[in-house]
Structures are given as structure tokens and as C-alpha cells.
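Take a look at the structure below.
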Amino acid sequence: MFMTQKKRQIRGVILTLTGGTAWGFSGTCGQYIFANSQMESGMLAAIRMLGAGCILLSFTLLTKKKRAFGVWKNPAEALRLVIFAIGGLMFSQFAYLTAISYSNSGTATVFQNTGIILVMIVSCIFARRLPKGKEVTAAVLTLIGVVLLATHGRLDGLVISGNALLWGGLAALALTAYTLLPGNLLKEWGTPLVSGFAMLIGGVVMAVTFRIWEKSWNFEIHIVLALLVMVVFGTVISFSFYLQGVSDIGPVKASMLACIEPVVATIVSALWLGTEFAPLDLLGFALVIGACLLVSLSGEQDEKKDAKEELKILTEEKKAI
């Protein structure tokens, strides 16, 4: 029995919001781990990627056994996958978790989301066009939001550590790389396969770099549970739900709904871990999230315009026949 369009839309909204919520809660679990153990961001990133990579690849082997290793038969695609794994996914995971370790999950998530503005700027450069009005407004709002978060409006000093600002900026840059590096890999081979291999490769590189086998593995049960939440809910389930949401309601609406991630991270961090946020912090969060929504709205207009142009071309071709 086929699902009606209305039910598909409802399912897409619910799954996208659930995926964004899982991402936000996962970031707070990372903050909890840093606060209650001696684990460093490099080790946490390695464990998270290795665990998620193994789960995603196991799923891929069960569902698409024949295509599971096809990506490695094409040298160009294999090279792009390795570059994406290290320069995109691994960089993104490490920078984000390190930003959390120097600040908190809410602040780190908002800083990471400013990468959406960087993606917009890079896209304008590649398209050789000037930013639109909404895009310029989004960039200005992001800049103001970041300044408020870093200084609370006092330009004579920072209210967050220099490391928090540095790694927050790197997390934004990493999000940009993570978004742009895959190219057509995701469309050609599917997100579970590409993300699975990328997670595994990035996890192995991180594990070797930080020699995690030499670290203390005497984790208490509450740390293990937080790790499981980050791997299963914050990576595997959140990815799967979000991608199904994209399929049901489209990438623009899905990206707008996914802005719930920093909201959830902020609320959970405050309620669960007692993180205090000043009113100017919350204003900065709101400005950055608003900027992300503006960029998404601009993308929605582009999609509608492209659809109209495609319909016009098809109509003209039909008349010519």
C-alpha cells in the first residue's frame, strides 16, 4: 500500500526533527564525557567514527553486497573517498568535539553551523555570481552572532577562551569541507556506504594518530552509555532519519528543520549539565540560526526557479515536436 503524500510529508518532518534532536543530544553527551572522564577529543572522535563506520558498513554489506566494494575499483572515486574521509568527515568530527571540550555543546554546535554561510560563499564563487539579498543578510547576521558569542558586545576582550573560538571556527571550516568534498559520491554510491567507509578510514587514522590503545580504557558504565548514545543515536540513527527526511520533504525543508540541532544542544546542556548561557549568548545563537534559515530559504527559491526553467524547456520541446 502506497503512502499518501500527506503522510509522507508528516513522516519526513518527524524523522528530520528526530535526527536533528539526536545530533543535538549527542553533542551534549560529548560534553558530559569530557566533564566526567579524562578522555580527549581525539580518542572520542576515533571511537565514535570506528563504531559508526562498522555499523554502517555491516548494514551496507547486508543490503548491497554486490556494490559494497565497487567504489574502490575506480581510482578517481577511491581517491575522492579517502580525501573526504580525512579532510571532510574526520576533520569535522575532531574539530567539533574539540570545540565542545573547550566550550560546551550548544556553543560548539552554533559555531559549526556557521559553516553553512561559508558553503554559500564558496558556492557563489564557483557559480561566479554575487550573493543575493537574503544571503548577504545571513552573512551579516552570522558575523554579529559570532561577535556576540565571543565578546558579549565588549570588543576589549573575549568571554570565551581563544581555543574555543579557534576550534569553533575550524568546526565551521570543517563543515564546509564535509559538505563540498564528496561531490557525486553520495549520489552514485549512497550515503550509508560512503559514510561507512569514510567513518572507518577516519576512525583508523585518528586511532593511530592518538594511539588510543595506550590510553586508559577503564570507563565507568555512565561513560560507556554516553559513548553508545553518540555512536548509535548521534551518528547511525540520526543520519538514517535525516536522509529519509530529505527523501520525503526535500533537502531545503530538511535543512531548515535540522536547525533544531543547536537548539536541542543548548537546552539539554543547560538542563542536564547546568551550563549557564548569558542573554547575549542566546541572542547570538538566534542570529546564527536565523542566518541558516535565510540561506535555506534562498536555496528553496533557487530550486523553484530551476524547476520552472526545466518545465519551460520541456514545454518548448513538446511544442517543437
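Annotations
- In the stretch 140-205, the inverse of the mean reciprocal separation of distinct Cα atoms equals 14.5 Å; this is its Kirkwood hydrodynamic radius.
- [x] 32, 27, 19; [y] 61, 18, 17; [z] 43, 22, 18, with the label sought being that of the calculated semi-axes √(5λ) of the Cα gyration tensor in Å: [x]
- 3J(HN,Hα) along the stretch 83-93: 4, 5, 4, 8, x, x, 5, 5, 4, 5, 4 Hz, from the Karplus curve 6.51 cos²θ - 1.76 cosθ + 1.60 with θ = phi - 60°, whole Hz, x for Gly and Pro.
- Surface exposure of the chain, expressed per residue as accessible area with a 1.4 Å probe, stands at 52 Å².
- Between the stretch 17-42 and the stretch 184-217, the alpha-carbon centres lie 18 Å apart.
- Computed 3J(HN,Hα) for the stretch 236-243, one whole-Hz value per residue from the Karplus formula 6.51 cos²θ - 1.76 cosθ + 1.60 where θ = phi - 60°, is 5, 5, 4, 4, 5, 5, 5, 5, glycine and proline marked x.
- 3J(HN,Hα) along the stretch 65-73, derived from phi through the Karplus expression 6.51 cos²θ - 1.76 cosθ + 1.60 where θ = phi - 60°, amounts to 4, 5, 9, 4, 10, x, 4, 7, 7 Hz, with x in place of Gly and Pro.
- Taking all pairs of distinct alpha-carbon atoms in the stretch 1-57, Kirkwood radius in angstrom: 13.9
- Mean residue ellipticity at 222 nm, helices only, the chain: -25500 deg cm²/dmol; runs of at least 4 DSSP H residues each add -39,500 (n - 2.57), and the sum is divided by the number of residues.
- Measuring nothing but protein heavy atoms, the accessible surface of the stretch 78-119 at 1.4 Å probe radius is 69 percent carbon and sulfur.
- Set K7/K65; K66/K187; K64/K215; K132/K187; K73/K253 screened for pairs whose C-alpha atoms are more than 26 Å apart: K7/K65; K64/K215; K132/K187; K73/K253
The values are calculated or read from the model by the stated rules, or taken from the named source; none is laboratory data. Only a predicted model underlies this, so the values are computations on that prediction, with no experimental measurement involved. Calculation scope for accessible area: heavy atoms of the full protein, side chains included, ligands and nucleic acids excluded. Shrake-Rupley method; radii C 1.70, N 1.55, O 1.52, S 1.80 Å.
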